[in-house]
1. Given R157, R147, which one is away from the ligand (no atom under 16 Å from the Cβ), in contact with an Asp or Glu (Cβ under 8 Å, 6 or more places away or on another chain) and closer than 24 Å to C117 by Cβ?
2. For segment 164-210, how many residues meet the condition of being touching a Lys or Arg at 6+ places or on another chain (Cβ under 8 Å) and surrounded by fewer than 17 Cβ atoms within 10 Å (Cβ to Cβ)?
3. Which residues, taken from segment 283-295, are within 16 Å of the ligand (Cβ to nearest atom) and either assigned to a loop (DSSP other than H, G, I, E, B) or surrounded by fewer than 24 Cβ atoms within 10 Å (Cβ to Cβ) (or both)?
4. What's the total number of residues in segment 206-256 that are under 21 Å from P124 (Cβ atoms) and among the acidic types (D, E)?
5. R122 is checked against (1) within 16 Å of the ligand (Cβ to nearest atom); (2) open to solvent by 10 Å² or more (accessible area, probe 1.4 Å) and fails just one. What number does that condition carry?
6. Does segment 230-242 contain at least one residue that is open to solvent by less than 10 Å² (accessible area, probe 1.4 Å) and in contact with a Gly (Cβ under 6 Å, 6 or more places away or on another chain)?
7. Return the residues of segment 24-45 that are outside any helix (DSSP H, G or I) and either surrounded by 15 or more Cβ atoms within 10 Å (Cβ to Cβ) or of a type in the set (F, W, Y) (or both); say none if nothing qualifies.
Amino acid sequence: MSDHRVAIIRDDRFLEHITGHGHPEHPNRLKAIYRMLDTDFPDGLLRINAEAATLEQLELVHTPSYIEKVLKTADYTFSSLAPDTPTSAKTYEAAWLAVGACIKGLDALLADRCDACFALIRPPGHHALPDRAGGFCIFNNLGVTARYAMKEHGLRRILIIDWDIHHGNGLNDLFYGEKEVLYLSTHDIGLFPYRGDWEETGEGEGRGYTINLPIPRELQDQEFLQLYHQILGPVFRRYNPELVLVEAGFDAYQDDLVGRSRLTEKAFRGLTRLILDLRAKINAPPILLALEGGYDPSCLSRSVKGVLEVLTGKDQEKHFDPNGSDLVVELLEKARRIHAKFRVWVD
Ligand SMILES: [Zn+2]
């Protein structure tokens, strides 16, 4: 992909969501990423401006009374929507803008202004429920975007890849009974929200269209990539997505204090490479990435840089060694055994 086919969305208004001293989801996360963009991508990337979501768009997922509750936080210098989700007076604006940024990115992708777009936003979204905040998330940024893609653009096969170390319970539950969205998540089930077990596979029409892969903390870069390689290959081939949404969280990084896993930026580079290669084998669906977790600002900006270098073609490496470990073989066998009966991706 050439530079001008890769877009980013950034906005200093995301920094106005102040969570307080010591909170891991801190404005410094985005400041580090924006500084990296100025240094490493001074003029190469297409820039899309964020716009606040409309009420109608938010209501595709969220209840009017919850939206009202978020709006009310504007009256207080400091308040909270959940014990782990504090707010400041400008939080509502950042939350509105985070959803709107993803929608704007989607519209740019579907208008063929770019092939990939990375929304560098906060607050994150994958834990947000229709009527509740939690896990630092306020609105379900990509959940609303997927609903919007179905309603306004008529899309019927949307793949969501959630590589954040936490399970995206909000997304999981939103699309649990639908086959129009295939949700795939790797996560540490011993962390918040303690959900996403192997057997959570969807219900009704959506049976088999939720793929939960709890991964052990000691998983290494190559094992992580082998797991994705073996599962995403058949998912792309058989589901043939019209759109790929990525919950790009970087808290599985080895130095991340919240995630406590073992990955490095090589895993995120390799996974981006894999998604691009698989995309090229089908009808080249557009890719929208939204920033989720990642709580060490320097690891976070290094990881985002890696993803952008692969997207723009500056990094052409495979980052992948096809020799599987016993641990990966075991995880794959379990995933295939549980999913075989649905015939969604297991041959
Ligand atoms: Zn996370």
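1. Being away from the ligand (no atom under 16 Å from the Cβ), in contact with an Asp or Glu (Cβ under 8 Å, 6 or more places away or on another chain) and closer than 24 Å to C117 by Cβ holds for just one of R157, R147, which is R157.
2. Residues meeting the conditions: 3.
3. Applying the first criterion (within 16 Å of the ligand (Cβ to nearest atom)) to segment 283-295 yields 289-295.
Hits for segment 283-295 are E292, G293, G294, Y295.
4. Qualifying residue count, segment 206-256: 4.
5. Unmet condition: (2).
6. Initial filter on segment 230-242 (open to solvent by less than 10 Å² (accessible area, probe 1.4 Å)): 231-232, 235-236, 241.
From what is left, the residues that are in contact with a Gly (Cβ under 6 Å, 6 or more places away or on another chain) are none.
No, segment 230-242 contains no residue that is open to solvent by less than 10 Å² (accessible area, probe 1.4 Å) and in contact with a Gly (Cβ under 6 Å, 6 or more places away or on another chain).
7. In the first step, residues of segment 24-45 are kept if they are outside any helix (DSSP H, G or I); the result is 24-26, 41-45.
Within segment 24-45, P24, E25, H26, F41, G44, L45 qualify.
A quick yes/no check of all residues on (1) within 23 Å of I103 (Cβ to Cβ); (2) within 16 Å of the ligand (Cβ to nearest atom); (3) among the charged types (D, E, K, R):
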residue	(1), (2), (3)
I211	no, no, no
E218	no, no, yes
L232	no, no, no
V235	no, no, no
N240	no, no, no
T272	yes, no, no
K281	no, no, yes
P297	no, yes, no
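The values are calculated or read from the model by the stated rules, or taken from the named source; none is laboratory data. Small disclaimer: the values here were computed from a predicted structure and weren't measured. With ideal geometry, Cβ positions are generated from the backbone for all residues, glycine too; neighbour counts draw on all protein chains shown. Areas reflect the complete protein model, heavy atoms only, side chains present, ligands, DNA and RNA absent. Shrake-Rupley method; radii C 1.70, N 1.55, O 1.52, S 1.80 Å.
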